[in-house]
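Trainee: Sharing a structure, written as structure tokens. Questions coming.
Just so it is clear, none of the values below were taken in a lab; they were calculated from the coordinates. This structure is a prediction, so every number in the text was calculated from the model and none was measured. Virtual Cβ from ideal backbone geometry, glycine too; neighbours counted across all protein chains shown.
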């Protein structure tokens with residue numbers, strides 16, 4: 001199964017089909033209206049429609065007063081046009097008939113301005129309420145994240161704090177047997193260290209700024225990070241393999257942050273294989289909807305992720321690791337860093353077979369293969 | 001923390017003492033509670049997650065012994081959470097005291113705990129609050145309602 005974190009966009013195909021199905025009926029209805037208009041008013045409606053077009057545009061973009069001015073000018077112009085035509089062809093002037101014709105036109109123009117104005121107001125209010133809804137949704141989402149974060153912090157820090165407090169009290173009240181006092185103190189120290197490490201990770205989680213970006217060779221970042229992780233992987237009987245493209249991929253990133261992303265993903269891969277196995281770290285060029293991207297994949301042959309857990313893997317404090325092994329911040333931090341760089345992380349996993357995490361980073365259109373000497 | 005001392009009772013000389021079952025996924029937390037409870041004169045059994053708690057209660061329902069008279073369970077644990085398990089063995093728990101410990105008691109959890117007739121002890125707690133809670137819930141469980 002596959003979980004994409006980019007929002008799904010309505011397909012262009014659907015819109016095109018909609019256009020094709022609506023265009024013909026619309027044209028038919030318009031022709032019918034013009035014919036009926038001609039018949040009913042005796043005015044050449046098709047000709048009148050030529051005036052309506054700029055009036056409609058003017059109303060839509062500049063408002064009612066502007067539209068009405070255009071309507072009046074158009075009515076005068078069409079009257080002047082008929083007058084000129086009649087004089088040129090030495091025809092009789094029928095003032096009442098002309099008044100009827102062009103008064104009718106003016107009426108249609110003003111009606112058009114009114115319809116357009118109302119339509120515009122309706123669209124505007126729809127847009128505003130939609131924006132409001134989106135804003136409220138975002139706010140709710142933020143609160144949700146804060147709530148989750150608070151619950152996670154409470155849970156992660158609550159237990160060690162409780163152990164510390166109880167042991168300290170036991171020692172203080174001289175209730176602990178003398179031979180266990182040392183162990184109580186050791187526990188207090190260990191748990192304090194655990195709390196300190198959680199707090200450090202939380203600070204890392206909050207401190208991302210993407211301030212320090214440099215033109216970096218992604219391959220070099222990968223190699224140096226993997227070198228750091230190799231001892232741990234060997235200890236766990238995991239073989240870490242790196243596959244880099246022939247041509248280096250050079251992007252402007254914060255290389256420390258990107259190293260952290262890779263080490264979080266690779267660490268997960270190693271921990272997902274308790275019996276050892278192989279993990280592949282691969283970098284390649286690709287394109288996504290016509291944009292060039294760099295894809296950094298970390299795959300493992302581990303336990304995979306349960307389908308019901310997949311939507312939550314990037315949530316802060318979500319973890320399936322045992323107590324003390326993970327805080328559930330690694331993937332959340334990785335996701336945040338990649339998002340700061342304009343990219344995204346996707347996960348493909350099969351329960352019992354392994355997982356693959358893809359970090360997709362946008363590339364500039366012209367990538368020069370040369371790295372400026374620093 | 002896979003140390004031997006964490007898994008054995010700090011005070012071994014135990015005879016006919018009231019016993020307590022502790023279910024918590026943190027070994028350090030279990031060890032600390034075990035120490036505190038044995039100081040209070042209880043025998044202690046442990047379950048490291050929801051699954052172990054489930055089987056401990058299953059055994060209890062078969063054997064039908066009155067001990068342990070108290071179960072202390074963490075709400076959030078791997079495999080099954082403490083609430084789920086204790087709700088499943090509600091009948092077995094009749095006449096026994098139950099204390100739930102959790103770091104973030106939200107309203108849903110509190111309501112479920114209340115409907116089980118159990119006590120809720122939010123983390124972090126003091127030793128005094130803990131022993132107070134143990135005593136009061138045992139007293140409540142013994143007194144016929």
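Trainee: Among B:30, B:96, B:128, determine the one that fluctuates most according to a GNM of chain B built with springs between C-alpha atoms less than 10 Å apart.
Mentor: It is B:128.
Trainee: Let me ask something additional. Can you give the % of DSSP beta bridges in the protein assembly as shown that are antiparallel, to the nearest 5?
Mentor: Percent antiparallel among DSSP bridges in the protein assembly as shown is about 55.
Trainee: Still on this structure, I have one more. Would you list A:111, A:161 from fewest to most Cβ contacts within 10 Å?
Mentor: A:111, A:161
Trainee: Then there is this: Using r as the Cβ-Cβ distance of residue A:123 and residue A:227, and R0 as 41 Å, what FRET efficiency do you calculate, to the nearest 0.05?
Mentor: That pair, residue A:123 with residue A:227, gives E of 0.10.
Trainee: For the pair residue B:59 and residue B:125, what calculated FRET efficiency results from E = 1/(1 + (r/R0)^6), where r is the Cβ-Cβ distance and R0 = 41 Å, to the nearest 0.05?
Mentor: With a Förster radius of 41 Å, E is 0.90.
Trainee: What average number of partner chain Cβ atoms lie no more than 10 Å from the Cβ of the residues making up A:191-198?
Mentor: 1
Trainee: May I ask you to derive the FRET efficiency for residue A:115 and residue A:135 from their Cβ-Cβ distance with R0 = 35 Å, giving the value to the nearest 0.05?
Mentor: So the FRET efficiency works out to roughly 0.70.
Trainee: Mind ranking A:353-363, A:56-66 by how tightly packed they are, going by the mean number of other C-beta atoms within 10 angstrom, highest first?
Mentor: A:353-363, A:56-66
Trainee: Further, regarding this structure: Per-residue Cβ counts within 10 Å, from other chains only, averaged over B:78-85: what number is that?
Mentor: Per-residue shielding by partner chains comes out at 1.
Trainee: Under a 10 Å cutoff between Cα atoms, tell me which one of B:68, B:18, B:124 has the largest fluctuation in the Gaussian network model of chain B.
Mentor: Of the options given, B:124 has the highest mean-square fluctuation.
Trainee: Can you sort A:102, A:155, A:92 from fewest to most other Cβ atoms within 10 Å of each residue's own Cβ?
Mentor: A:92, A:155, A:102
Trainee: Continuing with the same structure: Counting other C-beta atoms within 10 Å, which of A:38, B:24, A:315 has the fewest, and how do the rest follow?
Mentor: A:38, A:315, B:24
Trainee: Could you work out the mean count of beta carbons from other protein chains within 10 Å of each residue's beta carbon in B:102-115?
Mentor: Partner Cβ neighbours, averaged per residue: 2.
Trainee: Report the convex hull volume per residue for the range A:148-206, counting only C-alpha atoms, in Å³.
Mentor: Convex hull of Cα atoms, per residue: 61 Å³.
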